[in-house]
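Just so it is clear, none of the values below were taken in a lab; they were calculated from the coordinates. Everything quoted here is computed from the prediction, not taken from an experiment. Backbone-built Cβ (ideal geometry, glycine too); neighbour counts: all protein chains shown.
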Amino acid sequence: MTLLPPSDPLSRCFVWLLYRPEWIRRLTLTLTYSQHARSRSPGPSPQLIVTGGLGMEADDASSSAAAAPPSLSLSNLSNPNSNPNGSVDASKRKKAAAAPKRFVKSQIPESILSDPAINTAAAILPSNYDFEVHKTVHRLASAASRRPALQLPDGLLMYALPLADILLSASTLRLDDVLILADPTYGACCLDDYAASALAADQLIHYGHSCLVPVPSSRLPVLYVFVSIRVDVDRLVDAVLSTFPASSKLALAATIQFVSAVHAAKSLLSAEGFDITVPQAKPLSAGEVLGCTAPTIPRSKGIEAIVFVADGRFHLEAFMIANPGVPAFRYDPYLGILVLEEYDHKGMKTARKDAILAAREAKRWGVILGTLGRQGNTRVLDRVVEHMEEKALEWTVVLMSEISPARIALFGDSVDAWVQIACPRLSIDWGEGFTKPMLTTFELDIALGYVPGWWEKERMRVSDNFDGEAVTRKEETCSTSGCYRANSSSCNCKSDLQADYPMDYYSQDGGDWNSSYAKRKPQNRGSIGIENMRCQQLVTRIGSGLKSWDDLLGDIRAKYGSSPQIGL
């Protein structure tokens, strides 16, 4: 009996996959069909999206930053002997296998891509700024949006009206209104989905920042447009080649607008013999740095310098705080120059130490929950309030969108110290402008004794030779941004990281004080209080059945009192 292949291309594709089990493991076939688009016009047949990996679909935001490899068509898949790029020899096949396994066929219909009205209107925008107009139109059309809202940072607000006009003139859309949210937008944390929802918007398009607040956590659907800026990558590479010797170990990073240039430069510099690292602080993209969140590079990497692509210092300063031992160079993509930048680490830490020590004497606290976009985080607020209650302190929660010395001064002496759940850079950069200590949530943990300060070189802990009786000794404290992250339950951890002032405010691996929406798992960062003591040798001894945890704590309390100064 002869088995005839089915005539339907999609069925032929699946039959072909039956004879290619390795492809079944590597590919996820997703059939997308836009009912809304089909109801408007008899468009093309359903598109087959072939996505590499185990069920991992390429998101719109990340796929816009890098050029997608050639897509696989149904005609190619139906013939197992065909190749979309012609014949490929063994060496090229090996290179292709090493490439990122992400293959996405464009979902934007040709009717939108070639729409003369959209293309003519979009031509007024800067040619090197990618506002992703066609993708925006397609997304709004697919969702049958009638009232989208646009949110842009101050540097891009001049393009808000042209973008609104483009969307209103698109024949594919049937919009009633386009809202423009013009409140200050300092960063990705300022996503104003609450205001957009209150104004009855059905979509929010956020320009200039990455997806810091997960879409499922938003009050309405959100499209993030990075506004990637095309720069002369060859000029960037030439600047690095003329500054550093070949085989140098460098780290490359940037603001989100220039991340695609960083990855392109990495490939070119690697070909020149450089050892390039593009660090990542998840959930941010590889190479992306925020003003409050930057990756920390281990010493073992041997990085000799960081090359940061940006037109300003603000984001680079976060990287410098997180990596004080790495020389930092900033490449200005507009001027095409590479300059060595410096940061006053000693001055910053002295100022922050003084604020923390002053706050330790405070009895009445003000807790500021930022209301500018998503700067505030109620989970962090609950944790702060819990700590205040544990220490029997007086506290008052204050809601505030803009935190300034002038507004804080209006409270007079009714508050002894403040902690703000908004932006850590407010305290780091402008803390000395406040008449009362203005702490970050990390600094609050130090002030209340939950983690040791970076200047506290000694602390008490249970000795390694603990044998039924508590013996203590002084030992140099571990880095609060390195030790606890590497092993939060061990007394013997030795940090491979360089920073003692963390910039991990939205990192999923950051401290318990941070505001990340994507925490990997709860972490105990240690405490000077006995209740949070988790020394590895004690856990091992309890696991051996020699003593229960309650009995062990009882022994230690009997010897040192109810509140011994013993920590991790």
Sum up the charges of everything whose Cβ sits under 9 Å from the Cβ of PHE226, counting Lys and Arg as +1 and Asp and Glu as -1, but leave PHE226 out.
-> -2
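Go through segment 284-317 and name the GluC sites (Glu not before Pro) that are in a DSSP coil and have 16 or fewer other Cβ atoms within 10 Å of their Cβ. Let's see the in-between values first.
Details: sites: GLU288, GLU304, GLU317; in loops: GLU304.
Those satisfying the criteria are GLU304.
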For segment 214-226, just list the computed ³J(HN,Hα) in residue order, Karplus coefficients 6.51, -1.76 and 1.60, θ = phi - 60°, integers in Hz, with x standing in for Gly and Pro.
-> x, 4, x, 8, 7, 6, 8, x, 10, 10, 9, 10, 5
Chymotrypsin sites (Phe, Trp or Tyr not before Pro), restricted to segment 313-356: which are DSSP loop and have at most 11 other Cβ atoms within 10 Å?
-> TYR334
Net charge contributed by nearby residues that have their C-beta within less than 13 Å of ALA164 (K/R +1, D/E -1) = -2
Short version: ³J(HN,Hα) in whole Hz for each residue of segment 433-450, in order, from phi by Karplus 6.51 cos²θ - 1.76 cosθ + 1.60 (θ = phi - 60°), x for Gly and Pro, what are they?
-> x, 8, 6, 10, x, 10, 9, 7, 5, 5, 5, 5, 4, 6, 4, 8, x, 8
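Between their Cα atoms, which of LYS135/LYS266; LYS266/LYS346; LYS349/LYS436; LYS282/LYS363 are more than 25 Å away from each other?
Values: LYS135/LYS266 27 Å; LYS266/LYS346 32 Å; LYS349/LYS436 17 Å; LYS282/LYS363 37 Å.
Over 25 Å apart, Cα to Cα: LYS135/LYS266; LYS266/LYS346; LYS282/LYS363.
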